[in-house]
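Worksheet for the structure shown next.
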Amino acid sequence: MNCPNCGKQNNSDSFFCESCGQQLRGFKKCSRCAHLNSPTAEFCVKCGAKFPSTSLERFDLVPCISEVCSKEEGIPIYGYRSLKDKTISIEACYIEARPFFCHYAIVKPVEASGYGIINEAGDLVIPPIYTDLHYPSENMVAALYNGKWGFLDLSGNVIIPFRYDDAGDFSEGLARVGVDYSSFYKKQKEKGLLYSLDSRLFGETLAYYWDEVENPFALLYGFIDCEGRTVVDAKYFNVSDFNGGHAYVDGRIVHGKHLINKKGESILDIQEYCHNPDVDCQITKNGSIWILQASPNDDGTGWYLETCLLDKNLSELISFDDGVYMERFVDDLSVASSKGKSCVIRDSGRFVLELEDENLRIHEQFNENIFFVHKTFPPTEEQKRDRSQGYMITLDSICSWMDITGKLILPFKQNQRITLFHHSRAAICIDGKWGYVNPSGDMIIPAIYDKTAWDFENGLALVTEDGKNYIIDLFGNKVTTILKE
């Protein structure tokens, strides 16, 4: 892939030019958590939400701050700028502007009371009257109005009335919705009664003992279809989106923890499968099922954690007996440990990175397939002596980044302070000053900033220089806000 700015030949999977930092391709915006993902991602690497299969993103339009801001308290005014020719494509008239996703962006105009949605021409397709909005998902938009959630179509028509206390995005034709039963809980607790609830929104009678539910959530979740019909009754404390025809539901003591199909039928009782009530579950990018259980030590002094991985047909890819501990998956990857060594595993069960050095550890948090790696030094003779006497000791360690192939981006260095990669930029402190490097380890933005530099978000980062705060873009250019006189 040739850089359009400097002509440098880059790898086909590069997001930014390794020579000048020019953006080569765009990102997918998660409608649930607003995290930016790779353009080929099918699921958000931060929260696991599934992207629409037919999404067509506009990567070159990004929010930008106008050089002129409103006089009242210096509130910045936003528009949209093209990364290709750096021209203003949509004039600045918003006090909040989120990135484009699936041809649409969520904005809050200067004079508006709420949020609306614009298209790539800057035309409002959904009026700015809503307290909150989600990005479109399967041609439906979750909207918050007068304290309740409902769903709109892409013309702004109300398709499902505003009657829910929480709502997710549509995935495989179904959306999770939550209903608040806190007032009912309180009344039943005061009476000390077993209660049943005939819901106006959901037909099933729900029965619970208050005393069986420790610190109950106010919301119970179920699923509806695109016409607002209840498909799975609201009786769960937590649910995931549907993926591969399955969803994970947590009904705590009353209803248990299950994988269900789109009819609401249990296809796997997870607690029964593990013979253990203390379990957790995640459906990964490709439909595999990650299960975590806490088991007591043989001597009864504590607990240890075990994990297994099933494919979408519920066949074991990695069993509890394999002795592999996997952290929760991010996208399709999990940081794991096997036989005392650190590794990375795909949700197919395949090991893609294994560290032979037992003194190297991969940190569970990572982004853009680049990992924190810590190198721990063996204990000194003095530390060994202190440990033998029962004292707690802290081993010295140093850190760096490592890519998915096992290549170190920078050599290990004592007291090296670094952050995770965002937009192919990571902050690093050099001699007390902060700058940014790219995934090749090249210093893209010089280390001239004071304090801890912030991670990039939506193509912008907050930095401090000579006691003044600035917002910079991905190339280190200052975006200055100036008040009207």
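Quick note: the coordinates plus some simple rules give every number you see, no bench work behind them. These figures come from a predicted structure and were not determined experimentally. Here the Cβ is made from the backbone with ideal geometry for all residues, glycine too, and neighbour counts use every protein chain on show.
Just a few scattered comments:
- Take each peptide in 410-418, 110-118, count the other Cβ atoms within 10 Å of every residue, and average; sorted highest first, the result is 110-118, 410-418.
- What the Cβ-Cβ distance of residue 132 and residue 420 gives, at R0 = 25 Å and to the nearest 0.05, is a FRET efficiency of 0.40.
- Each of residue 413 and residue 350 was given a label point 7 Å from its Cα along the Cα-to-Cβ line. The distance between the two points is 3.5 nm.
- Considering only 334, 310, 398, the residue lying farthest towards the positive end of the dipole of the stretch 301-438 is 398, judged by Cα position with unit charges set on Cβ.
- Exceeding the 22 Å Cα-Cα cut-off - candidates 263/312; 339/413; 262/312: 339/413
- Listed peptides 319-325, 286-292 appear in the order 286-292, 319-325 once ranked by packing, highest mean of other Cβ atoms within 10 Å at the front.
- Distant-in-sequence amide H partners of residue 95 (H built 1.01 Å from N, under 5 Å): 78, 108, 110
- Under the Karplus curve 6.51 cos²θ - 1.76 cosθ + 1.60, θ = phi - 60°, whole-Hz ³J(HN,Hα) for the stretch 221-235, x wherever Gly or Pro sits: 10, x, 10, 10, 9, 6, 9, x, 6, 6, 9, 10, 5, 7, 9
- Rough spin-label spacing in nm, given labels placed 7 Å along Cα→Cβ, for residue 404 and residue 430: 2.8 nm
- Net length gained if the chain between residue 303 and residue 359 were fully extended (0.36 nm per residue, minus Cα distance): 17.7 nm
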